[in-house]
Amino acid sequence: MAGIIGDLLEGIVDFVTDVWLLRRQRSARGRPQNAWQDDAADMVVLNAWAIGLGIAAFAVAALMFFLLKLPLWLCMAPIVAVGIYVGYRWFALARA
């Protein structure tokens, strides 16, 4: 039970930290301030896309490695592509 509560608290702290970092990056770049609710909603969407695409990328990589017997370096391509895309979306969100 303590593990579940700890994971839940870690998720909440991680989310609050992400929103705080987003607001701080925007203010450091001289961007206009949004309401914290708007920034939190943007972060929820970014996290949902990152989690969904990450799960899909790992599933595709596993299928490529175990089913198609492709080399490991080639199977990592979907994971790398998702990492680059999520990084790009983070920078686009911070610039908005």
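The values are calculated or read from the model by the stated rules, or taken from the named source; none is laboratory data. Model, not experiment: these values are computed from the prediction. Note that each Cβ is placed from the backbone with ideal geometry, even for glycine, and that neighbours are counted across all protein chains shown. All accessible areas refer to the heavy atoms of the entire protein, side chains included, with ligands and DNA or RNA removed. Shrake-Rupley method; radii C 1.70, N 1.55, O 1.52, S 1.80 Å.
When the dipole is taken about the Cα centre of the chain, and only Lys, Arg (+1) and Asp, Glu (-1) are charged at their Cβ, what size is it in debye, to the nearest 20?
Charge dipole, the chain, about its Cα centre: 440 debye, nearest 20.
May I ask for the angle, rounded to the nearest 10°, between helix 2-28 and the longest principal axis of the chain, with both axes built from Cα atoms and the value confined to 0 to 90°?
Roughly 60 degrees, rounded to the nearest 10.
How much length would be gained if the chain were fully extended between residue 42 and residue 4, taking 0.36 nm per residue of separation minus their Cα-Cα distance, in nm to one decimal?
Between residue 42 and residue 4, full extension yields an extra 11.1 nm.
Considering the dipole of the chain built from charges on the beta carbon (Lys and Arg +1, Asp and Glu -1) around the Cα centre, which of 64, 25, 40 is farthest to its positive end?
25
With only alpha-carbon pairs counted, each pair once and no self-pairs, how large is the Kirkwood hydrodynamic radius of the chain in angstroms?
Kirkwood hydrodynamic radius for the chain: 15.4 Å.
Under 8 Å for C-alpha pairs, at least 6 residues apart: give me the relative contact order for the chain, rounded to a whole percent.
Working: 49 pairs, mean separation 30.3, N = 96.
In percent, rounded to a whole number, it is 32.
Just the number please: accessible area per residue for the chain, 1.4 Å probe, all protein chains included, in Å².
72 Å²
What is region 38-94's relative contact order, in percent, from Cα pairs under 8 angstrom and six or more apart in sequence?
So the answer I get is 40 percent.
So, with a 1.4 angstrom probe, what is the percent of accessible area on the chain that is carbon and sulfur?
Working: 5150 of 6940 Å².
Here it works out to 74 percent.
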